[in-house]
Amino acid sequence: MPSVRSALALMLGLALLPVAQAQHLIWKPKPGGAKITALYGEIEVLETGDTIYYCGCNWWPGNPAGGYTGIQDPGGGRHNMIFSIWDTNEKLHPRVTEAEGRTVFSRFGGEGTGAHTHLDYDWKRGKTYRFYVTKEQDATKENTLTRLYFEDDRLRRWVHEATISNPNDGHESVTTFGGMLNAFLENWSGKEREKPKLALYRLWVGTSPSDLTPVTDGTGDGNWGTLNGSFYLAEGKDELLAPIFGRYSGWTRGGARGTILSVPSHGVERRVVRSLRRLPRSGSVKQ
């Protein structure tokens, strides 16, 4: 599992050192509207390497119960998905309550603690990986149930990877995807940093499949910007990345954090919306 040092530093407003091993994209949803309880995102990896984590969305509603999901290239030919949530506090811990049969889940520690899940899935370079995350309250209204789904193109269906239940502890922020939303590309081993890695990111927010709206504005740090109508994050030597960027249209490199770039607005594909309205549910598990 990758380090979350860079994500934590960013969320807490700490300085990131020039040698930081992650590039960040800060999503800027339009203000106003209903509180966000659904996220739909897409990641398209164009170039990759070992020990790279492509986080599609890291939500940070304040300190309690932040979470993140994305796809990973851990090396050795493996690819997988990650979905994790940090503890509400030192005594109140999230737990996995539902999981697909292939899902591996456990506690994690090291840099923050919480509930971790991953599922081996051979996502392919150049193909779009789609994920959908929802939040709702359990019957007691004291816990938030966060569910992760992804589209398995091999099985040609959506998969419910896991549900993680975490105590609200009186924090209204835990119940939504409020606060800061970001994506990142992290080389957690720090190896082969000159080798090109490049991924496109897209995000929509709302309360259900019917009202998802695109996030068209963003800022970032490291090697970030817009490419081919999407946001991108990259790592590697500029002279090695340039020919890859040259295959696509509309390349704009972002500046220092605070610089805002925009991408065109468009809705979620109709077939995807239809699928999101009839998602499966995995069976219950005990921890």
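The values are calculated or read from the model by the stated rules, or taken from the named source; none is laboratory data. Bear in mind that the values here come from a model prediction, so they are computed numbers and not experimental data. A quick note on method: Cβ atoms are made from the backbone with ideal geometry, for glycine too, and the neighbour counts reach across all protein chains shown.
Can you name every residue in the stretch 109-127 that is touching a residue at least 12 places away in the same chain (Cβ under 8 Å) and farther than 20 Å from Gly75 by Cα?
Gly110, Glu111, Gly112, Thr113, Gly114, Ala115
Among the residues of the stretch 178-203, write down those that are over 15 Å from the mean Cα position of the chain (by Cα) and of a type in the set (Lys, Arg).
Lys191, Arg193, Lys195, Lys197 - these are the residues of the stretch 178-203 that are over 15 Å from the mean Cα position of the chain (by Cα) and of a type in the set (Lys, Arg).
Residue by residue, here is whether (1) farther than 28 Å from Thr144 by Cα; (2) touching a residue at least 24 places away in the same chain (Cβ under 8 Å); (3) surrounded by 23 or more Cβ atoms within 10 Å (Cβ to Cβ) holds:
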| position | (1), (2), (3) |
| --- | --- |
| Gly170 | no, no, no |
| Ser173 | no, yes, no |
| Thr176 | no, yes, no |
| Gly179 | no, yes, no |
| Phe184 | no, yes, yes |
| Pro196 | yes, yes, no |
| Val205 | no, yes, yes |
| Ser208 | no, yes, no |
| Leu212 | no, yes, no |
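From (1) at pLDDT 95 or above; (2) under 30 Å from Arg193 (Cα atoms), pick out the condition that doesn't hold for Gly77.
Every condition holds for Gly77 apart from (1).
A quick yes/no check of all residues on (1) surrounded by fewer than 19 Cβ atoms within 10 Å (Cβ to Cβ); (2) assigned to a strand (DSSP E or B); (3) among the aliphatic types (A, V, I, L, M):
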| site | (1), (2), (3) |
| --- | --- |
| Ile85 | no, yes, yes |
| Lys91 | yes, no, no |
| Val96 | no, yes, yes |
| His118 | no, yes, no |
| Trp123 | no, no, no |
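Name the residues in the stretch 98-107 that are surrounded by 18 or more Cβ atoms within 10 Å (Cβ to Cβ) and either part of a loop (DSSP other than H, G, I, E, B) or not acidic (Asp, Glu) (or both), would you?
Ala99, Glu100, Thr103, Phe105, listed by residue number.
Could you list all residues from the stretch 39-59 that are buried (at least 23 other Cβ atoms within 10 Å of the Cβ) and of a type outside the set (Ser, Thr, Tyr)?
Leu39, Gly41, Ile43, Ile52, Cys55, Gly56, Cys57, Asn58, Trp59
From the list Ala242, Ala234, Ala256, exactly one residue is among the aliphatic types (A, V, I, L, M) and part of a loop (DSSP other than H, G, I, E, B). Which is it?
Sole residue among the options that is among the aliphatic types (A, V, I, L, M) and part of a loop (DSSP other than H, G, I, E, B): Ala256.
For the stretch 211-231: of the residues being assigned to a loop (DSSP other than H, G, I, E, B) and aliphatic (A, V, I, L, M), which is nearest to Val45 (Cα to Cα)?
Among them, the one singled out is Val215.
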